[in-house]
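The values are calculated or read from the model by the stated rules, or taken from the named source; none is laboratory data. Source: prediction; values computed, not measured. Using ideal geometry, Cβ is built from the backbone for each residue, glycine included, and neighbour counts are taken over all protein chains shown. Surface areas here come from the heavy atoms of the whole protein model, side chains and all, with no ligands, DNA or RNA. Shrake-Rupley method; radii C 1.70, N 1.55, O 1.52, S 1.80 Å.
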Amino acid sequence: MRASQPLRFPVGADAGRWSTFHGEKTLVVAARTVTSTVRVLECLPALLRGDARVAVVFAHDPTSAFSDGVLELLHDAGCRIIPWAQVRQAEPDLILTASENVDVPEGHCPVLVLPHGIGFQKRVPDSRGPRDRLSGVVPDSLLESGRAWLAISHPSQREQLLSSHPKAAGRTLLVGDPCYDELLVSAGRAESYRQALGVPAGHRLVVLSSTWGRTSLIGQDPDLAARVLAALPYDEFRVAAIVHPNVWSGHGSWQIRTLLAPALEAGLMLIPHIHAWRPALVAADVVVGDHGSVTLYGAALGKPVLLGTFGSEAVDGTAAAELGRAAPRLNAHGDVREQITSALAEHAPDRFAAIAAGAFDRPGQALARLRTALYHLLDLTEPMPAPPPALYLGEPEATGAEVTAWTVISTVSPSADTVTVRRRPATVAPYRGTNEGVNSQNEDADEDEDETVGRFRHLACDERERDRRLLESASVLLGGAPAPSSTAALRWIEDALASLPGCRLAATALTGGGCLVGLRDGRIVEASTTGPAAPGPAAAVVYSLLRAAAPLDGVLVTLRIGTRDEDVALRLRAPSPALGAD
């Protein structure tokens with residue numbers, strides 16, 4: 001190929017002979033980081049929907065410290081990719097990017113820069129030198145060229161830019177925030193998204209949101225997820241984490257999962273960082289975050305927000321800085337459960353409405369305004385007068401591991417007709433806050449056993465638990481799958497108690513409903529519940545009554561677990577000779 005011959009895309013040289021679609025204009029998307037590339041991929045299909053006049057090619061710029069994963073993302077999306085060095089040969093009519101740091105080649109085509117967060121809200125390290133810079137702003141040289149256009153979501157951002165970067169005068173386009181609009185469209189589907197994530201009915205979803213860098217939530221307090229899981233009752237809460245793509249790109253998924261291993265084993269839902277964070281945020285009942293954009297999006301959606309940390313790089317006068325002053329702080333070493341339940345109880349949905357109004361201009365119109373700007377820069381008429389469709393976000397996939405070991409605190413009422421059970425994942429037991437329990441009003445404030453008040457503590461493990469020490473320390477062993485028959489259940493109980501001599505009882509659900517609980521002295525208790533047929537809660541009732549020396553035969557007990565009450569009917573079967581006393 002002669003150097004003077006221009007490359008035409010998406011087919012290559014002499015595209016007129018080989019291409020199927022007649023593209024009048026060439027749009028090059030600059031893909032430099034996962035964060036910025038995702039932002040373009042999320043909005044561009046709606047902007048170019050049904051229009052064959054625009055040929056799109058993605059140019060990969062590998063110069064960022066956070067470029068790892070960009071090529072995989074583009075390949076997974078089915079994009080036509082060229083090296084960044086070929087952009088000039090492509091003779092683009094417009095370069096579109098959500099990364100302000102691309103080294104734009106010489107030429108005359110305009111460059112439209114979308115934000116990959118909310119505005120210009122923090123200072124970040126400058127890859128071009130040792131100092132920091134304002135996130136989202138292109139180099140002055142590109143502003144001076146008259147080619148750059150910065151999309152902004154609120155008029156106040158124009159004033160902010162003029163005060164810090166005078167050369168941005170006349171180079172901004174007020175479009176709003178397409179990402180926020182998508183979140184708003186899907187806000188009514190929060191319950192559907194919670195179900196898709198595997199959050200049981202009646203449970204609250206706590207979402208931990210972390211940006212990147214040492215002052216981020218995960219950078220400042222990598223153990224926070226484990227401590228939150230240790231503080232929250234398993235039968236009332238689920239916990240998810242949204243971690244900035246720069247953390248994934250900079251450190252790799254192996255490092256993140258190894259760091260969060262105790263929390264992941266306790267059921268933490270680590271949300272995939274490409275697109276799934278949006279429905280997960282919609283699903284949240286409460287957000288524990290930092291100075292990142294996801295936390296601000298959560299506040300703008302009307303979620304209760306607690307700040308686990310807040311970096312000093314947040315820029316004064318921005319919506320993020322306002323949230324930093326308005327949102328309460330989480331004391332991660334205090335009573336986390338009390339703080340989260342208080343935030344849920346006391347929150348008003350419009351608490352952060354003024355902050356949201358200062359970040360997003362004319363919600364619901366961003367895609368239409370952005371499409372108008374895009375086609376104006378391409379010098380094309382818009383394909384149709386109707387606005388781009390307002391689509392619901394797709395349902396997320398369940399990501400949390402199944403918990404297989406619990407620390408169980410149970411309390412038996414004086415009349416032995418009510419058993420209150422509170423379970424927490426055992427793998428995060430060492431992370432319980434040192435200040436928790438100082439409030440005597442807490443039902444489980446004292447975790448030491450106290451038989452005088454009918455309070456007991458035990459370790460319950462599913463037979464699939466992988467930690468041998470936990471399994472061998474368990475007082476209660478639970479079957480991993482329902483037994484197909486009573487005979488199979490009795491055989492499993494016999495084997496389980498024989499293999500774990502320190503275990504007091506073994507329980508398994510039956511395929512037809514109910515549970516069988518085998519005691520070390522050979523007694524077999526049939527347990528029927530009005531709730532789910534999981535063996536854990538029923539076994540906790542039997543264990544508690546056994547420790548309280550209460551009857552186990554022909555009794556009806558109220559089980560209080562999570563936010564619900566269930567009836568548990570117990571009946572003794574004839575003793576099994578194979579399960580005789582020691």
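Only beta bridges with both residues in the stretch 35-149 are counted; by DSSP, about 25 percent of them are antiparallel.
Given only helices, namely DSSP H runs of n ≥ 4 each adding -39500 (n - 2.57), what is the per-residue ellipticity at 222 nm of the chain, to the nearest 500 deg cm²/dmol?
Working: 20 runs with 174 residues, N = 582.
Mean residue ellipticity at 222 nm (helix-derived): -8500 deg cm²/dmol.
Sites listed here are GluC sites (Glu not before Pro) in the stretch 61-131 whose DSSP assignment is loop and whose Cβ has at most 15 other Cβ atoms within 10 Å: E106. Taking amide H atoms as placed 1.01 Å from N in the peptide plane, the amide H of G531 lies under 5 Å from those of D567, each 5 or more residues away in sequence or on another chain. Take the Cα of W254, go 7 Å toward its beta carbon, and the backbone nitrogen atoms of the stretch 57-92 under 17 Å from that spot belong to 68-69. Backbone phi angles across the stretch 523-528, fed through the Karplus curve with coefficients 6.51, -1.76 and 1.60 (θ = phi - 60°), yield HN-Hα couplings of 6, 10, 10, 8, 10, 10 Hz in residue order; Gly and Pro are listed as x. From a point 7 Å beyond the Cα of S164 in the direction of its Cβ, which residues of the stretch 280-322 have a backbone N at a distance under 20 Å? Backbone N within reach: 290-297, 310-322.
First check a/c for the stretch 357-397, with a ≥ b ≥ c the square roots of the eigenvalues of its C-alpha gyration tensor; if it is under 1.5, answer rounded, and if not, answer prolate when a/b is larger than b/c or oblate otherwise.
Working: a/c = 2.45, a/b = 1.42, b/c = 1.73.
Oblate, because a/c is 1.5 or more while a/b does not exceed b/c.
List the relative contact order of the chain as a percent without decimals, with contacts defined as Cα pairs under 8 Å and 6+ residues apart.
Working: 1201 pairs, mean separation 65.2, N = 582.
Reported relative contact order: 11 percent.
Just the number, please: percent antiparallel of the DSSP beta bridges in the chain, rounded to the nearest 5. In the chain, approximately 45 percent of DSSP beta bridges are antiparallel ones. Accessible area per residue for the stretch 103-251, computed on protein heavy atoms with a 1.4 Å probe, is 39 Å².
Between A534 and A201, what is the FRET efficiency for a Förster distance of 22 Å, r being their Cβ-Cβ separation, to the nearest 0.05? All intermediate terms of the calculation are to be shown ahead of the outcome.
Values: r = 14 Å, r/R0 = 0.64.
E between A534 and A201, to the nearest 0.05, is 0.95.
Of all aspartates and glutamates in the structure, the ones whose alpha carbon falls short of 15 Å from that of K122, not counting any fewer than 8 places away in one chain, are E100, D132, D290, E313, D316, E322.
Using the Cα gyration tensor of the stretch 448-582, with a ≥ b ≥ c the square roots of its eigenvalues, what is the shape: rounded (a/c below 1.5), prolate (a/b larger than b/c) or oblate (neither)? Kindly include the intermediate steps, with their values, before the conclusion.
On the way: a/c = 1.27, a/b = 1.11, b/c = 1.14.
Rounded, since a/c falls under 1.5.
Carbon and sulfur atoms: what percent of the 1.4 Å accessible area of the chain do they account for? Please report the intermediate quantities before stating the final value.
Numbers: 12780 of 25240 Å².
For the chain, the apolar C and S fraction of the accessible surface comes to 51 percent.
Here the Karplus curve 6.51 cos²θ - 1.76 cosθ + 1.60, taken at θ = phi - 60°, turns the phi angles of the stretch 487-501 into couplings of 4, 5, 5, 5, 5, 5, 4, 4, 5, 5, 5, 5, 7, 10, x Hz, with x standing for Gly and Pro.
Each Lys or Arg adds one and each Asp or Glu subtracts one; over the other residues with Cβ under 10 Å from the Cβ of L161, this totals +2.
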